[in-house]
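Nothing in this text is a laboratory measurement; each read-out follows from the coordinates by a stated rule. Note that the structure is a prediction, hence the values are computed from the model and not measured. Cβ: placed from backbone, ideal geometry, glycine included. Neighbour counts: every protein chain shown.
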Amino acid sequence: MVPKACEIGIAITTYNRKEMVCALVERIRQITKENYFLVVCDDGSTDGTIEALKRLGVTVIGGSNKGIAWNKNRGLFFFSNICRADSIILMDDDVFPNMFGWAQEWAYGSYRVGHVNYVPHFYDRSSPRRPMTAMNLGVGHMIGGMLLAQNAKALASVGYMDTRFGRYGHEHTDFSLRFLRAGFGGVRVLWNGEMHNRFYLMDSGIELKEAKSSGQKADLERNANLLTALEKEPIYRSAWNNEEEKRDFLQEFGAGFFEMEAPPLAGTVFNADSYLSLNPDISHSGWDGFAHYIEHGLRENRKF
């Protein structure tokens, strides 16, 4: 059963890595004792991943293959609207925890600075070579997107990953840059007369497993140009980029949820004079027509 809220929401994204993601779920269950809830976001796997996860009793969300940004948005949406989490950990299926308390460590990092990135040992960083923890954050200009932790308040300022990045490449960079622009997850540094981005980093309690990527170099090159083109757009992004994407995305969470998204007066103009004329009992009561409709008329299915 899905709870209405949790302290830490863990969303694992996967595609056609059945053995790896199942092993990760088992690992998390073994060494995670905090108040957490876990979901797996599956991007249209065809190797039996969903069936294997359900046998383990895992909550699986997903649909057809839509790409990394869309798939990570499934996790962000789930923990922002269905099981509301104070801190959301987005992690790839090849990132493995290796110590007790890892989730609390990453959640605390997100509480401190809003948004924090994992980087493996072979990435360049501006900080000295040392363990990077929630209380002793690292700083660097390179981020990999394998694990991202963000608190709910910071996420509300930034929104979701931009689905214009398609299947692969730089969606996590844009996401982290928008956190930085909103005042979370890093700093901007003036160096040699130019502004440079420096992101807060952690590597505590995490190791990266070897796995083959399904990303294409052409997508990476195309999205590098898109990343530059989107730099001056508004910070906040929705989980969809158009009405068609909105319909498809929300339908993954069930028809009832999709129907709830339509405001009661969507696509119409409320005519207060007509409402009072059609409902003389309200007219004689002294009620403001619109106020009555919102407070009572909607529930009573009155015409206007």
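Calculated FRET efficiency, residue 135 and residue 5, Cβ-Cβ r, R0 30 Å, to nearest 0.05? Taking R0 as 30 Å, the efficiency between residue 135 and residue 5 is 0.70.
Ordering 243, 295 by the number of other Cβ atoms within 10 Å of each residue's own Cβ, fewest first, gives 243, 295. Shape of region 263-304 from its Cα gyration tensor (a ≥ b ≥ c, root eigenvalues): rounded if a/c is under 1.5, otherwise prolate when a/b > b/c, or oblate? Cα axes put region 263-304 in the prolate bin. Under the membrane-span-like helix rule (DSSP H runs whose alpha carbons stretch at least 27 Å along the helix axis, mean Kyte-Doolittle hydropathy 0.0 or higher), the chain yields none.
The loop-placed trypsin sites (Lys or Arg not before Pro) in region 48-143, going by DSSP, that have at most 14 neighbouring Cβ atoms within 10 Å of their Cβ come out as 129.
The convex hull built on the alpha-carbon positions of region 1-96 has an orientation-averaged projected area of 5.5 nm². In summary, the aspartates and glutamates within cross-link reach of residue 212, defined as a Cα separation below 12 angstrom excluding same-chain residues under 8 places away, comprise 93, 94. Rounded to 0.05, the FRET efficiency of the residue 156 and residue 285 pair, given R0 = 45 Å and the Cβ-Cβ distance, is 0.70.
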